[in-house]
Amino acid sequence: MPVKAPISTFRYGGKKKGKTFNIVQAKDLLVLRSVSPLNALKQVLSAKASIFFENLTLTFSFPEVKVNIFKVNEPDQLDACRLAFKEDPNIKFAGRVWKEELSGSTLIYTENLFVKFRANISTKAILALLSSYKLFIKEKFSFTSNAYFVKSEGFPGVTIFDIARVLGENAQVLICYPEMVFPKKTHQIHENQWFLKEVSTDGSNRPRGVEMRKVWQYSKGENVMIAIIDDGVDTHHPEFNLLGKVVYPRDTILDSDSALPQTMDENHGTCCAGVALAQGSGLASGVAPMARLIPIRSGGLGSFSEAKAFAWAADHGADIISCSWGPPDGIWYDPNDPTHRIPFPLPDSSRLAIDYALKKGRNGSGCLLVWAAGNGNEEIQYDGYASLPTILAVAACDFKEKRSPYSDFGQNIACCFPSSSASSTPFGVSDGIWTTDRSHALGYNPEGDYVGTFGGTSASCPGVAGSLALILSLFPGLKNRHIRPILNMTSDKISIDTGKYNNGHSHYFGYGRINPYLAILFIKQILVIETEIKRNINSKIEGIRCVFQQNIFQLNLSYYLINTKKRWLSGQWLLFEENAFSVDQIVFELNGLDAPLFILKRYDREDGQFVKLKLIWK
């Protein structure tokens, strides 16, 4: 009777809360880490390894670290196959593969640990404890206290799971788990850029995209930085290779100051960056063409390089972070696919880094974080990334103002943005998104530097990032808590008949298709302070009041006469005796949680017969 592979259990979220991963060894999978890229591997393998290589079927890759997962077509040959590759000098590592027991999602482990100690534990005590397990600190994380990237002094293999389990039970440790990396699923005004236009092709003049000509009169994203965390960005592309366009590029896998793609398959991030902020100097403009780009190349799902990407973005001035990736989706046209309902928790290292960006970014105002909802036609509550309440999950709508049938849905959907209608059969494919592609013969379109088939919520997410950049450019003091009310008040409520809106929110579209033009007009209007003067029959001033619609901002306007204790609030009349008043006797004050964002500017007429107040962003 075969022995069941050992199971290891780990909990994201600490010892008493969070979600659990059950990890089991796969019986028919092999992981190879090679010296050469996969496309050159077969030519350099030894004769013995080449024979076994013919018995392998590629399942998926982590090309950024030259790691590939193969299915062994004859599972009983797994051990012999592994030993043959171990003897080959072109293979750095050959080993078994693990799966998450419930979902069957394949992962690799790295013999590294994430460890967060209690706040009162000293560095000396930490070093002593780690040393007792033959561990050393590889890197200290900046985004949370007493948290470390820890590595073994030797090559423990699967025993790293046992080490993590025992160390995690220590009273000095809050969180401890091995680095387990899952394959990342990417959620993917030229004449072809229909999504930036208002007029449809059927002559109905119904808006099918997000009208940019109107909003660009006010803003093109100046002075805003958008971080695109993905598989790298071709910063040599003519839409990005411009003075001052790209700032602080980073590769958190290689720890280098370059975000260029490293493999043939890393094309996704270049397309996302183009949707958000391509300059428009060639054949494509992004939503916010004057915004600056922080391109960040990060690794697989749950990797520590993923966590470091958020910290890098926050520490280097990102106003908005755009992420068009997440856990694998179920088959969007198959409602019976069990993957639709399997939870994928957010690793603690990533969660802490995201919290850091949301709280410490933008000099304490917090980065705005937008996330592609996913392409599985499934509820996002099972996705620990897109369902995080502090982020803005983005759904996709199509050129007919309908829901893209693959788009994920749920309570945390903030808004939607135009994208392709469907990504594969059995539904027909509508026009995709026209955007930047990797230069020359690389990328999705080997015949040009642009591609017209980009789609999915991968395209919608950077579209919203660019739209928010247009708004932030004019109103830089906006905080995360302001965004959802603005979206609710200004987004286009598309598909009213099928959107199932409740208090302005739809599970499918969020607050609707984002409309940055209306958002800018709305914010301008609610910052107006109206001053009203009451006069008697002799035209003498008897009183004054100021009316300020607070709306999304937590502000209080008060006014009083010099040398008096009584205060009047917005909308109340300050009355006074005839001939005993001059406007210079009035003191105006602004207070509340958002008061530090504004300057209250006062304009008086020289004859004392008029006063005007205006709120100005600092």
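The values are calculated or read from the model by the stated rules, or taken from the named source; none is laboratory data. In this text the structure is predicted, and so the values were computed from the model without any measurement. Note that we place each Cβ from the backbone using ideal geometry, even for glycine, and neighbour counts take in every protein chain shown.
Residues of the stretch 418-443 that are at pLDDT below 90, more than 23 Å from the chain's Cα centre (by Cα) and either surrounded by 14 or more Cβ atoms within 10 Å (Cβ to Cβ) or not assigned by TED's automatic domain parsing to the domain that holds Lys400 (or both): Phe427, Ser430, Asp431, Leu442.
Within the bounds of the stretch 537-549, is there any residue that is of a type in the set (Phe, Trp, Tyr), over 30 Å from Asp408 (Cβ atoms) and surrounded by 14 or more Cβ atoms within 10 Å (Cβ to Cβ)? Full working, then the answer.
Just the residues of the stretch 537-549 that are of a type in the set (Phe, Trp, Tyr), to begin with: 548.
From what's left, over 30 Å from Asp408 (Cβ atoms): 548.
Subset that is surrounded by 14 or more Cβ atoms within 10 Å (Cβ to Cβ): 548.
Scanning the stretch 537-549, I find at least one residue that is of a type in the set (Phe, Trp, Tyr), over 30 Å from Asp408 (Cβ atoms) and surrounded by 14 or more Cβ atoms within 10 Å (Cβ to Cβ), so the answer is yes.
When the residues of the stretch 104-115 are narrowed to those that are among the β-branched types (Val, Ile, Thr) and within 24 Å of the chain's Cα centre (by Cα), which ends up surrounded by the most Cβ atoms within 10 Å (Cβ to Cβ)? Break it down into steps so the answer makes sense when it comes.
Kept after step one, since they are among the β-branched types (Val, Ile, Thr), are these residues of the stretch 104-115: 106, 108, 110, 115.
Narrowing further to those that are within 24 Å of the chain's Cα centre (by Cα): 106, 108.
Details: Thr106: 19, Ile108: 22.
By that ranking, first place goes to Ile108.
Taken over the stretch 217-232, residues that are surrounded by fewer than 24 Cβ atoms within 10 Å (Cβ to Cβ) and either closer than 19 Å to Gly317 by Cα or not assigned by TED's automatic domain parsing to the domain that holds Leu301 (or both) amount to 4. Among residues of the stretch 106-135 that are over 14 Å from Asn170 (Cα atoms), those with a Cβ under 7 angstrom from a residue that is polar (S, T, N, Q) and in a strand (DSSP E or B), sequence gap 6+ or separate chain, pair up as Thr106/Thr59; Glu111/Ser152; Lys134/Ser152; Leu135/Ser152.
Each residue in the stretch 146-168 was checked for being among the hydroxyl-bearing types (Ser, Thr, Tyr) and closer than 17 Å to Tyr12 by Cα, and 1 of them qualify. Evaluated against (1) outside any loop (DSSP other than H, G, I, E, B); (2) of a type in the set (A, V, I, L, M); (3) surrounded by fewer than 24 Cβ atoms within 10 Å (Cβ to Cβ), Leu388 falls short on exactly one condition, (1). Evaluation of Tyr559 against the conditions (1) touching a strand residue (DSSP E or B) at 6+ places or on another chain (Cβ under 9 Å); (2) closer than 30 Å to Gly463 by Cα shows that the sole unmet condition is (2). Among the criteria (1) touching a helix residue (DSSP H, G or I) at 6+ places or on another chain (Cβ under 7 Å); (2) under 26 Å from Leu102 (Cβ atoms); (3) not in a strand (DSSP E or B), the one Trp332 does not fulfil is (1). Out of the residues in the stretch 274-293 meeting the condition of being surrounded by 24 or more Cβ atoms within 10 Å (Cβ to Cβ), part of a loop (DSSP other than H, G, I, E, B) and among the hydrophobic types (A, V, I, L, M, F, W, C), tell me which one is farthest from the chain's Cα centre (by Cα). Going through the qualifying residues, I end up with Ala284.
Selection of first residues in the stretch 445-467 that are on the phi > 0 side of the Ramachandran plot and buried (at least 24 other Cβ atoms within 10 Å of the Cβ) and of second residues that are modelled with pLDDT of 90 or more and of a type outside the set (Ser, Thr, Tyr), restricted to Cβ pairs under 9 Å at least 6 apart or on distinct chains, gives the following pairs, ordered by first then second residue: Gly456/Ala372; Gly456/Gly374; Gly456/Asn375; Gly456/Ala396.
Condition first: basic (Lys, Arg) and crowded, with 17+ Cβ neighbours inside 10 Å. Can you find one or more residues in the stretch 485-500 that meet it?
Filtering the stretch 485-500 for residues basic (Lys, Arg) gives 493, 500.
Restricting the remaining residues to those that are crowded, with 17+ Cβ neighbours inside 10 Å gives none.
Among the residues of the stretch 485-500, not one is basic (Lys, Arg) and crowded, with 17+ Cβ neighbours inside 10 Å, which makes the answer no.
Among the residues of the stretch 38-67, those that are more than 24 Å from Thr106 (Cα to Cα), surrounded by 15 or more Cβ atoms within 10 Å (Cβ to Cβ) and of a type outside the set (A, V, I, L, M) comprise Ser46, Ser50.
All conditions but one from (1) at pLDDT 90 or above; (2) aliphatic (A, V, I, L, M); (3) surrounded by fewer than 12 Cβ atoms within 10 Å (Cβ to Cβ) apply to Ile562; the one that does not is (1).
Give the residue that is surrounded by the fewest Cβ atoms within 10 Å (Cβ to Cβ), with candidates limited to residues of the stretch 116-143 that are in a loop (DSSP other than H, G, I, E, B) and touching a strand residue (DSSP E or B) at 6+ places or on another chain (Cβ under 7 Å). Outline the logic, then answer.
Restricting attention to the stretch 116-143, the residues satisfying the condition of being in a loop (DSSP other than H, G, I, E, B) are 118-122, 133-134, 141-143.
Still in the list and also touching a strand residue (DSSP E or B) at 6+ places or on another chain (Cβ under 7 Å): 118, 134, 141.
Working: Arg118: 14, Lys134: 11, Phe141: 21.
Within the stretch 116-143, the match that is surrounded by the fewest Cβ atoms within 10 Å (Cβ to Cβ) is Lys134.
Within the stretch 106-113, does at least one residue satisfy the condition of being modelled with pLDDT of 85 or more, outside any loop (DSSP other than H, G, I, E, B) and of a type in the set (Asp, Glu)? No: zero hits. Might you let me know whether the stretch 68-89 holds any residue that is under 29 Å from Pro345 (Cα atoms), in contact with a helix residue (DSSP H, G or I) (Cβ under 9 Å, 6 or more places away or on another chain) and of a type in the set (Phe, Trp, Tyr)? Scanning the stretch 68-89, I find at least one residue that is under 29 Å from Pro345 (Cα atoms), in contact with a helix residue (DSSP H, G or I) (Cβ under 9 Å, 6 or more places away or on another chain) and of a type in the set (Phe, Trp, Tyr), so the answer is yes. Criterion applied to Ile296, Ile253 was being under 20 Å from the mean Cα position of the chain (by Cα) and surrounded by fewer than 24 Cβ atoms within 10 Å (Cβ to Cβ), and the one residue passing it is Ile253.
Under the condition of being under 15 Å from Gln381 (Cα atoms) and not in a loop (DSSP other than H, G, I, E, B), the residues counted in the stretch 305-329 number 1.
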